Amino acid sequence: MKTDYKNWLPKSVLQKGYERTAVPLILGLVFGVLGVGGLQVPIRLVLIFCFSMATFWFGYKAYQWHTAYSCFDLNNPRSIAWKVISGVASKVELPPKGKVLDIGTGSGALAIAIAKRHPDAMVIGTDPWDQNVTPGIDQKLCQANAKAEGDRHVVFMYGLAQKVEFPDETFDAVVSNYVYHQVQGMDRVDAILEALRTLKKGGVFVIHDIMTKGFYGDRDILLKRVLDSGVSEAKLIPTDDGTFITPAEAEKSLLKGSCLLIGRK
């Protein structure tokens, strides 16, 4: 049995990018170049210019996503995605027979990577597995991947980042990878604090995400809010500077701003 960790980027995103590029290209050819509809030359020239700019813009974005898709291939052990997952897993410190919560587990790659590093740990991966967003990735796929890897202490179940269905002080570690910037309907820092609630005293958290101002605002404020929540230590570590991936790899894979929020309760 082989693992199938899929890709961080659904093919549907690529398809939409190609479609958005094709629409202005076709409209420019039909109404601008061919002049369908009897439009006068000045109007046709304006249409050619406008549709050309739109084609260029959407084509450039589609190219970026196409390039990122190859970087996010989790079935390629040399991909940037695996460099990140290995980096995050290496930061997780556990006591003997520790218990880990992986929020937004996706296809289970991070949860299983942690389990392989800590064979006596119990790792629980949660995810809503929305087929409209990530088709083909579900609980059964995660379970099959764990079985293929020979990891028996990995459990996968439905769960939301916004509301973690576990009691206070349940886990020795809480982890996530590129999850919280996708959170909808809730402040992202509040969602992180909801996860930290489930940590035992002395437990560690390893939250990896794109922590740009557009997603999180000021990083100093983010760190202060986490420290004010009652944790004993917390720090932010940029990972797009060679820590996990190089600046060039971050640019190529659209992961600029990647950063670890790491600490202990």
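The values are calculated or read from the model by the stated rules, or taken from the named source; none is laboratory data. None of the values given here were measured: they were computed from a predicted structure. Virtual Cβ from ideal backbone geometry, glycine too; neighbours counted across all protein chains shown. The protein model used for the area step is the full one, side chains on, heavy atoms only, and it has no ligands, DNA or RNA in it. Shrake-Rupley method; radii C 1.70, N 1.55, O 1.52, S 1.80 Å.
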Here are some conditions: (1) touching a residue at least 60 places away in the same chain (Cβ under 8 Å); (2) under 23 Å from Ala234 (Cα atoms); (3) surrounded by fewer than 20 Cβ atoms within 10 Å (Cβ to Cβ). Ser90 meets all but one. Which one does it not meet?
(1)
Residues that are basic (Lys, Arg) and either more than 22 Å from Leu110 (Cα to Cα) or crowded, with 23+ Cβ neighbours inside 10 Å (or both), drawn from region 187-211:
Lys201
State which residue pairs qualify: first residue under 11 Å from Thr21 (Cβ atoms) and without any contact (Cβ under 8 Å) to a residue 60 or more places away in the chain and inside region 39-63, second residue open to solvent by 80 Å² or more (accessible area, probe 1.4 Å) and assigned to a helix (DSSP H, G or I) in any location, beta carbons under 6 Å apart, and separation of 6 or more residues or different chains.
Thr55/Leu25; Phe58/Arg20; Ala62/Tyr18
Within region 189-265, which strands (runs of 3 or more DSSP E) (wholly inside it) include 1 or more residues that are closer than 30 Å to Tyr63 by Cβ, modelled with pLDDT of 95 or more and among the hydrophobic types (A, V, I, L, M, F, W, C)?
199-210, 258-264
What residue, among those in region 117-149 that are closer than 17 Å to Asn7 by Cβ and of a type in the set (A, V, I, L, M), is most open to solvent (accessible area, probe 1.4 Å)?
Val133
Scope region 63-86; condition part of a helix (DSSP H, G or I) and open to solvent by 10 Å² or more (accessible area, probe 1.4 Å); matching residues:
Tyr63, Gln64, Trp65, His66, Thr67, Tyr69, Ser70, Ile80, Trp82, Lys83, Ser86
Does region 12-31 contain any residue that is over 27 Å from Lys83 (Cβ atoms), over 24 Å from the mean Cα position of the chain (by Cα) and not in a helix (DSSP H, G or I)?
no
Please go through region 166-186 and pick out each residue that is open to solvent by 50 Å² or more (accessible area, probe 1.4 Å) and either among the small types (Gly, Ala, Ser) or at pLDDT below 95 (or both).
Gln182, Gln184, Gly185, Met186
Condition check for Gly108: modelled with pLDDT of 95 or more and farther than 20 Å from Cys142 by Cα:
no
In region 212-232, what count of residues is obtained for those that are among the small types (Gly, Ala, Ser), surrounded by fewer than 11 Cβ atoms within 10 Å (Cβ to Cβ) and closer than 22 Å to Lys256 by Cα?
1
I'm checking my understanding of the structure. Among residues of region 145-188 that are touching a residue at least 60 places away in the same chain (Cβ under 8 Å) and assigned to a loop (DSSP other than H, G, I, E, B), which one is nearest to Lys99 (Cα to Cα)?
Thr170
Just to be sure I understand the filter: pairs with C-beta atoms under 9 Å, separated by 6 or more residues or on different chains, first member in region 64-76 and aromatic (Phe, Trp, Tyr), second member buried (at least 18 other Cβ atoms within 10 Å of the Cβ) and assigned to a helix (DSSP H, G or I). Which pairs pass?
Trp65/Gly17; Phe72/Ile80; Phe72/Ala81
Name the residue, out of Gly32, Gly17, that is farther than 30 Å from Glu249 by Cβ and surrounded by 14 or more Cβ atoms within 10 Å (Cβ to Cβ).
Gly32
